[in-house]
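The values are calculated or read from the model by the stated rules, or taken from the named source; none is laboratory data. Note that the structure is predicted; figures quoted are calculated from it, not measured. Note that each Cβ is placed from the backbone with ideal geometry, even for glycine, and that neighbours are counted across all protein chains shown. What goes into the accessible areas is simple: the full protein's heavy atoms, side chains included, and nothing from ligands, DNA or RNA. Shrake-Rupley method; radii C 1.70, N 1.55, O 1.52, S 1.80 Å.
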Amino acid sequence: MKQSVEAIPVARSQRDGAQADPRLAWWREARFGMFIHWGLYALLAGRWKGESVPGIGEWIMHRARIPVAEYELLAAEFNPIRFDAAEWVSLAKRAGQKYIVITSKHHDGFCLFDSAVSDYDIIDATPFGRDPLRELADECARQEVRLGFYYSQTQDWHHPDGNGNDWDYDESQQDFGRYLETYVRPQVRELLTNYGPIGLIWFDTPKIISSAQSRELVDLVHELQPDCLVSGRVGNTMGDYASAGDNVIPDGRVDLDWETPATINDTWGFKADDHNWKPAGELIQKLVDIVSKGGNYLLNVGPTAEGVIPESSVERLLAVGDWMQVNGESVYGTVAGPLQGLDGCRCTAKDDLVFLHVFDWPSGGRLEVPWQAAPVHTAFLLADDKRTPLSVENRGVSVVISVPQRAPDPVDTVIVLKQ
Ligand code: JFZ
């Protein structure tokens, strides 16, 4: 399906030309983050009463219409004794991911943190007795990784006034305003008071929330932590940056601050039977494709109920990290490059450098790309520490670069151009 720019709900702040907002500087530099979907659904792992439930794992309560009275019993089984915050943060860093966004409360309503306004949380309802968000916050501070919280502000299939559960509750009897006032706002306050500096709040699926209610949430976040960013899914075209649809990459450059949330297989929450893992090379090319169009890539892991990130995810993230070790300069802090819409090639830029990302290596040792800007006077392989010059021929409407016969990197070879 062709993805137009319209696929991205534009955050109003950006429509007003707030792209110079210095609060986004760390986020624009980061370009690549780790999403973590973790909760009671990991116990079910995509199965309910012995049957595999289709769809994304964290939606199993909804897909199988599991009554609250049954689903909440899972909490007593949730004891992720293998959870290790240092392991998770170290993996993100080795992958080259500069920020982490973890589900503090997803649509099922379970709180992965200690909340004073709910007993349906990891401290009061499970035998685990630890607050993983606290441990992650401490570890992220130690390893200098920004931490963000995903928070489902509208859908809550457990709370009687939350949206989305039409199998236990009668929506006509629900009071969403009361839910926001007595539950959401206090929890957002807890998340932005008890865990130190938070990089962003990733609200999601705004659905029935009104403009005034979205605005009140944005204002609350910025009142508590002025530098904390708010994702575009707070609703009503608000937020500090726009969120593309899940796994959606726009067809072309988008001159906004925007982010694509994406999965490595086909689910956010852990599913034992989802083995459709994308190859590492595909993840690298998606990262570069997104960044070449001006966006960030928020790539997800779904840990198991024991607190372990699946090995298939770990392997791929480490491979992406190996590529980023060599080529990170062509991603971090870059913007959409001057060459757009080329098959088999992407382009990013930073300061006076243009980075050509060659996915499909040309035959015959010559790479020709359209070029009508000031002549290119230097070209070299980013992976070449000696920066051995490549010969360049400026042809007025194109530039021809002499390149090795074989692609130095089969996934993406980066050539640096200087004018
Ligand atoms: C939402 C959640 O429902 C899902 O469980 C996951 O957390 C994902 C990251 O976000 O799913 C969405 C939300 C918005 C779109 C698509 C899936 N959208 O705007 O296309």
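May I ask you to list the lysines whose Cα is less than 17 Å away from that of residue 278, ignoring any residue fewer than eight positions away on the same chain?
By straight Cα distance, residue 278 reaches 286.
Whenever you get a sec, compute what percent of the accessible area on the chain sits on carbon and sulfur atoms (1.4 Å probe). Before the final figure, lay out the partial values.
Working: 8360 of 16820 Å².
Heavy-atom surface of the chain belonging to carbon and sulfur, 1.4 Å probe: 50 percent.
Considering only C-alpha atoms, what is the centroid distance from the stretch 355-392 to the stretch 203-269, in Å?
36 Å
Could you estimate the translational diffusion coefficient of the chain from the Stokes-Einstein equation, with Rh from the Kirkwood formula over C-alpha pairs, at 25 °C and 0.890 mPa s, in whole µm²/s? It would help to have the intermediate numbers written out before the result.
Working: Rh = 22.5 Å.
This corresponds to a translational diffusion coefficient of 109 µm²/s.
Can you give the convex hull volume of the alpha carbon atoms of the stretch 99-202 per residue, in Å³?
Details: hull volume 9.2 nm³, N = 104.
Residue-normalised Cα hull volume stands at 89 Å³.
Against the empirical 2.2 N^0.38 Å scaling, what ratio does the C-alpha Rg of the stretch 280-339 come to? All intermediate terms of the calculation are to be shown ahead of the outcome.
Details: Rg = 13.3 Å, N = 60, 2.2 N^0.38 = 10.4 Å.
Rounded to two decimals, the normalised Rg is 1.27.
Once R0 is set to 25 Å, what does the formula 1/(1 + (r/R0)^6) return for the Cβ-Cβ distance between residue 351 and residue 394, expressed as a FRET efficiency to the nearest 0.05? Before the final figure, lay out each step's value.
Values: r = 21 Å, r/R0 = 0.83.
Efficiency for this residue pair is about 0.75.
Magnitude of the Cβ-charge dipole of the stretch 196-284, K/R +1 and D/E -1, about the Cα centre, nearest 20 debye?
Details: 6 positive and 15 negative charges, 29 e Å.
Charge dipole, the stretch 196-284, about its Cα centre: 140 debye, nearest 20.
Expressed in nm², what is the orientationally averaged projection area of the convex hull enclosing the Cα positions of the stretch 73-135?
Working: hull surface 19.0 nm².
Its Cα hull, projected and averaged over all orientations, spans 4.8 nm².
Each label point is 7 Å from the Cα along the Cα-to-Cβ direction; what then is the distance between the points at residue 138 and residue 368, in nm?
According to this spin-label approximation, the distance is 6.2 nm.
Among DSSP bridges having both ends in the chain, what percentage is antiparallel? Round to the nearest 5.
On the way: 29 of 60 bridges.
Given both bridge residues lie in the chain, the antiparallel proportion sits at roughly 50 percent.
Could you identify which residue out of 391, 312, 90 has the top mean-square fluctuation in a GNM of the chain using Cα springs shorter than 10 Å?
391
Rank 290, 56 by accessible area, highest first, at a 1.4 Å probe radius? Present the calculation step by step, with values, prior to reporting the outcome.
Values: 290 0, 56 45 Å².
Greatest to least solvent exposure: 56, 290.
Sorted by mean Cβ packing within 10 Å, highest first, what order do the peptides 177-184, 239-246, 358-365, 409-416 take?
Values: 177-184: 17.0, 239-246: 22.2, 358-365: 13.9, 409-416: 19.5.
The packing order, highest mean first, is 239-246, 409-416, 177-184, 358-365.
Please list the non-local residues whose amide H lies under 5 Å from the amide H of residue 383, H modeled 1.01 Å from N, same-chain partners needing a gap of 5 or more.
414
Could you compute how much accessible surface residue 298 exposes when probed at 1.4 Å, giving the result in Å² to the nearest 10?
My reading of the accessible area for residue 298 is about 0 Å².
Tell me, what HN-Hα J-couplings in whole Hz come from the Karplus equation 6.51 cos²θ - 1.76 cosθ + 1.60 at θ = phi - 60° for each residue of the stretch 185-198, using x for Gly and Pro?
So the Karplus estimates, Gly and Pro as x, are 4, x, 6, 4, 5, 4, 5, 9, 10, 9, 10, x, x, 10 Hz.
As a test of understanding, state the convex hull volume per residue of the stretch 351-418 from its alpha carbons, in Å³.
Working: hull volume 5.9 nm³, N = 68.
Hull volume over Cα atoms, normalised by residue count, gives 86 Å³.
Using only the alpha-carbon atoms, how far is helix 85-95 inclined from the longest principal axis of the chain? Give it as 0 to 90 degrees, nearest 10.
20 degrees
For the stretch 331-367, list residues with backbone N below 17 Å from a point placed 7 Å from the Cα of residue 418 toward its Cβ?
Counting backbone N atoms under 17 Å from the label point, the list is 349-356.
On full extension of the chain, what length is gained from residue 222 through residue 194, given 0.36 nm per residue of separation minus the C-alpha to C-alpha distance?
Numbers: separation 28, 0.36 × 28 = 10.08 nm, distance 1.55 nm.
Difference between extended and current length: 8.5 nm.
Along the charge dipole of the chain, Cβ charges K/R +1 and D/E -1, which of 347, 235, 212 sits furthest on the positive end?
It is 347.
Check cross-link reach from residue 271 to the lysines: straight Cα distance under 16 Å, and skip same-chain residues fewer than eight apart.
Within reach: 49.
For the pair residue 318 and residue 168, how long in nm is the line joining their label points, each one 7 Å along Cα→Cβ?
4.0 nm
Taking the Cα centre of the chain as origin and charging only Cβ (+1 Lys, Arg; -1 Asp, Glu), how large is the dipole, in debye to the nearest 20? List each step's numbers first, then the result.
Values: 39 positive and 61 negative charges, 302 e Å.
Dipole magnitude for the chain comes out near 1440 debye.
Work out the FRET efficiency for residue 26 and residue 49 from their Cβ-Cβ distance, taking R0 = 60 Å, and round it to the nearest 0.05.
Details: r = 45 Å, r/R0 = 0.76.
The formula returns an efficiency of 0.85 here.
Take the Cβ-Cβ distance between residue 343 and residue 273 as r, set R0 to 35 Å, and report the resulting FRET efficiency rounded to the nearest 0.05. Could you put the intermediate results ahead of the total?
Values: r = 35 Å, r/R0 = 1.01.
In this case the efficiency is close to 0.50.
Give the accessible surface of the chain per residue, rounded to a whole number of Å², with probe radius 1.4 Å and ligands, DNA and RNA excluded. Could the numbers behind the result be given before it?
On the way: 16820 Å² over 419 residues.
Heavy-atom SASA per residue in the chain reads 40 Å².
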